[in-house]
Each structure stands twice: as structure tokens, then as C-alpha cells.
Amino acid sequence: MDLLDDPVPGSNTPEFSVSEIAGKVRKLIEGELGWVRIKGEVGRVVLARSGHLYFDLKDDRNVLSCMTWKGQVSGLGTMPEEGMEVVAEGRMTASGFQSKFSLNAERIAIAGQGALMALLEKRKKALAAEGLFDDARKRPLPYLPEVIGVVTSLQGAVIRDILHRLRDRFPRKVLIWPVAVQGANCAPEVARAIAGFNALTPGGGMPRPDLLIVARGGGSVEDLWGFNEEAVARAAATSDIPLISAVGHETDTTLIDFVSDRRAPTPTAAAEMAVPVRHELLAWVEQAGARMTGAVSGGMQRRQQRLRDLARALPRADALVEGPRQRLDVTGGQLGPALIAGVQRRKVRLSEVSGSLRPATLRRSLEAERRRLDALSMRLEPALARVAAAKRERLEARTARLTPTRIGQDAARKSERLRDATARMQAAGQRQLEGLHRKLAAMDRLRETLSYKATLARGYAVVRGEGQILTSRAAAEQASGLEIEFADGRMKLGGGKSTAQKSATKPPEQGSLF
């Protein structure tokens, strides 16, 4: 038998803990794959409450987990969406906690123009389903805006073309909001510019535009992609100010073109849509004025001619009054004899009527009326007795109900309600007084806090000279004597023996505490 046992095969292999092997794997992955670019289709996308972004990249066989920390999200360039084909750049790392490797993505770009167009169509369908492209929600442009807001870059020929065209057609006030018109900053800056113009107060220090123009020159799909972002489209859709989009050339189409109130094929065309031609407008006004003057003059001439024609058809004034004057003369001649004849007829009628008025006839009429009155009197007494008896019965019934017991009970109930109301009012008044006392105490504490006395207690002092508060060294040197107020009294310096006064002093109207 050998003195030493045979070693177990593999017993000289180093032994690792789980954490050690996980750390070695992580160092190996990060060392070999420090910075990589990976192309794939975006799968599941999750934006955590903490602000970190988690998503998957996949192809037809495998899935790679990716994450972007909260501080890196703003620099991605493009936010990933499910189904989007992208190229993600970042560092590979491994998590020992779950034995998984993943990509820490720091930049994301759309993979190719085909993917861009597919994403554009997807966004277009989503916004159209919300009704943002409907013509009913688009507002008409003002005919002659006072102030025009332009959202574009200060570099390039776009802003110069717009200003030159406005100056040629109809000079207007122009407010320019400079933005980036391509790249990662384009979309947020354009959205902020549209919202910023809408946030201006009408009539404020900075005039609020009556019309907005969002303009950019032509370019590739990638160059114009900032105007295809959902944030820009929604900002244009929610704008209260009418908006003209002039992005790219006539063949270029972006999302902002569909949601804006009017699309211009070029920035120059947008300026032409914004204002009319001043000279043409003046010529039209002059032409309309001339037409109005001619129409008024022609109308007056026609009415004057019509008046002359009608005047010729009217008869003379004397001929109009001749007939009535003759009738008046005839009627005046007949009036005297007619009055005399009427008086004679009335005299004859009076004589006939007075002959039938005899005393016996009057006595018979009086006797008949007396008999009728007696008959009515006999009927009236029983009726009055019945009415009096009925009212007496109703009075007795009501008197029986009005007993002192019921009145006392009603008075007791009302007295109880009065006492309750009085107690509630006293309690409410007491609460109100307590609240006022607490408020007064709080205000008194605030007064003590704001008093300059508290400042004096912390070591400061008030310097007076010749009856005035001194706030500078020069004024103190020129004063013949000084009086310094401390927290516990006043002390005079110079101009005689120094004295200290501990009595309370009035607070200074104005001055400095030293």
C-alpha cells in the first residue's frame, strides 16, 4: 500500500463562491464587450416609477434584456416603442443577482428609412383615430394678423425668406422663437415654442401672436424626423393660436402638417398665406370706394328724377282745396236754419212729454214701489236671522277650541325653542370670542417677533444724533453728541456727561440697527 493516497481527479481546480464567479463573469463581459451596437426589434417596454427604462431587443431566435437608467433616458435620442426596429448603443453588463446579462443602452436610433416610415404610419393612424386630423377642429386664419410668431432656426435662409416676403406683401410685427430644426433637441424645443407662444397673455408686455408659422427648409426623412414626433403634433393640435406648418418642400410631409390649421408647401408660401398684398388691398379699397361713390351718386340721381316725375303728376294745391272749400261754404250756410229747426223740434217734444206728467200717475208709481219694498222687507228678516244663527254657531265652535290649556302648551313649546336657540347663540358667541382671543394672541406674538426690540436684544443698537437717526459714519462724525439705544436703555455720548436711561423708548420711524 502506498504511503500517500492517490489525489482525486480535478481536486486542484480553484473553488469560487457564487458572488465571485458572478463578478468574474461580469468583468469578462464588460471587458470583452465594452461598447456595442445591436440591431433588433423592440419588444416589451416598461418605464418604471423610479424613472428607469426597461425594454427587450429581439430577433427571430433570441431576446436581449436592455435597461436605461433615469439619468440616461433624456440622452437616448429616440424613445423605444414596441415593434420598432432600432439600433441600440451601450455597454454590456451582467447581473449576478439573477445570473443574467443585459445591455445598458445609452443611445437608440431608428434602423433604416423603412422602419422610420413604418413608425410614422403607426403614429399617423393613432393620431387620426383620436380625431386630431379632422377638418372640423381646424380654425380659419386671421385675415390681417397684427403679430406673427415664427418658430424656426435663426441660421439658414428660411427666416430671411419669411421676413423678406412679409415685408414685400404687408409689413407686420414678427416674434421669432429660435429652435433646433433637426436632431434630438428639435422636437422638445418646437413643442416648447408653440406652448410658450400660447402662454403669452393678450395685451401683456410681450404681445401674443395672432398667427404662428412653424418653418424649416427641405431635407431627408431623418432631418425632418423631429416634426414627426408625437409631442410636436400634440402641441400643434392643442394650440389656441391658428398655426401654419411650412416644413420641408412641397413633396415633404410630416405629422405637424396633418394637425396644423393650414399647410404651406414652402416657408415663402406660408408668409404669403399669412398676409395679403398691401398694394392690392389698397387698390381694391380704392376701387370699392369709387364703386360705392358711383353707386350712391347714381342712386341719388335716380331718386331725384323719380321725385320730379311724381311732382309733375301731382295736381296744383289750389285745385286740391277748391272742392272742400265749396263744401264748407255750403255747409256753413245750412248750419243756421238747421239749428233753429232742431230747437223747434225739441220744444214740441218737451210739450208732449210734460202733458203726460200728472200727480195721480206719480202717486200710483210710488204706491207700487212701496208695496214691493214691504214684500222684500218681510223676506229679509228671516234670512238675516238664519245668517246670524249660522255665524253664532261657527263662533262658538272656534271659541271652544281656543282654551287657555292649548295656548299655554303652545307658549311652553315656543319658550323651550327660544331657550335652545339662546343657548346655541351663547355657545357660538363664546366660540367666536375664543377664536378672536387666540387670533389676537397670535398677532401679538407676531408683533413682538417683528419689533425692533428683539433685534436690540441680539446685540444691535440704534444711533441717534441731534434728534435724528444716523445711518452712516460721516453723519455720526459731524454730530455734536450721540445717543445710543440698547435693549435695556439709552446712553448719551459727547455734548456733556454720559448718561444711561433704562426707560422704554419709542421705536424709530426709520434708521439702521448696528
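For this structure, a couple of remarks:
- Only lysines eight or more places from LYS453 in sequence, or on another chain, were considered; those with a Cα closer than 27 Å are LYS439, LYS492, LYS497, LYS502, LYS506.
- Gained length - LEU320 relative to LYS70, 0.36 nm times residue gap less alpha-carbon distance: 79.6 nm
- Length released on extending from GLN305 to SER377, taking residue separation times 0.36 nm less the Cα-Cα span: 17.3 nm
- Look at the dipole of region 395-488 built from charges on Cβ: of ALA397, LEU433, GLY408, the Cα furthest out on the positive end belongs to ALA397.
- Between ALA136 and ALA184, the modelled label-to-label distance comes to 4.2 nm, taking each label 7 Å out from Cα in the direction of the beta carbon.
- Neighbourhood charge, 14 Å Cβ-Cβ cut-off, centred on LEU175 and excluding it, Lys, Arg +1 and Asp, Glu -1: +1
- Largest-first principal axis extents of the Cα set of region 37-88 (Å): 31, 19, 16
- In this view, the solvent-accessible surface of TYR54, computed with a 1.4 Å probe and all protein chains in place, comes to about 80 Å².
- Virtual spin-label span in nm between LEU418 and THR455, 7 Å along Cα→Cβ: 5.9
- Within the accessible area of the chain (1.4 Å probe), percent carbon and sulfur: 57
- In this view, the solvent-accessible surface of LEU402, computed with a 1.4 Å probe and all protein chains in place, comes to about 130 Å².
- With all protein chains modelled, accessible area of ILE340 [1.4 Å, Å²]: 110
- Computed from the C-beta positions of LEU47 and SER220 and an R0 of 22 Å, the FRET efficiency is 0.15 to the nearest 0.05.
- Three-way shape call for region 123-244 based on the alpha-carbon gyration tensor, with the a/c threshold at 1.5: oblate
- Our helix-only sum for the chain, with -39,500 (n - 2.57) per DSSP H run of n ≥ 4 divided by its residues, gives a mean residue ellipticity at 222 nm of -17500 deg cm²/dmol.
- Inverse mean reciprocal Cα-Cα distance (Kirkwood Rh) of the chain, Å: 38.9
- When DSSP beta bridges are restricted to pairs lying wholly in the chain, around 70% turn out antiparallel.
- Trypsin sites (Lys or Arg not before Pro) restricted to DSSP loop in region 260-350 with at most 15 other C-beta within 10 Å: ARG316
- A Cβ-based charge dipole, computed about the Cα centre of region 349-490 with Lys and Arg at +1 and Asp and Glu at -1, lands at about 1600 debye.
- Treating r as the C-beta distance of ARG473 and LEU493 and R0 as 25 Å, the FRET efficiency rounds to 0.95.
- Label-point gap, in nm, between VAL296 and THR331 - each point 7 angstrom along Cα→Cβ: 4.8
- Solvent exposure of the chain, expressed per residue, is 70 Å² of accessible area, with all protein chains present and a 1.4 angstrom probe.
- Membrane-span-like helices in the chain, defined here as complete DSSP H runs extending at least 18 Å along the helix axis by their C-alpha atoms with mean Kyte-Doolittle hydropathy no lower than 0.5, are 186-199; this is a sequence and geometry rule, not a statement about a membrane.
- By accessible area with a 1.4 Å probe, ligands and nucleic acids excluded, highest first: order of THR238, THR254: THR238, THR254
- Total formal charge among the other residues, if their Cβ is under 13 angstrom from that of ILE159, Lys/Arg +1 and Asp/Glu -1: +3
- GluC sites (Glu not before Pro) within region 119-175: DSSP coil, no more than 15 neighbouring Cβ in 10 Å: GLU130, GLU146
- Dipole magnitude (debye, nearest 20) for the chain, charges at Cβ of Lys, Arg, Asp, Glu: 6220
The values are calculated or read from the model by the stated rules, or taken from the named source; none is laboratory data. Computed from a predicted structure; not experimentally measured. Note that each Cβ is placed from the backbone with ideal geometry, even for glycine, and that neighbours are counted across all protein chains shown. Ligands, DNA and RNA are stripped out before the accessible areas are found, and what is left, the full protein with its side chains, is counted by its heavy atoms. Shrake-Rupley method; radii C 1.70, N 1.55, O 1.52, S 1.80 Å.
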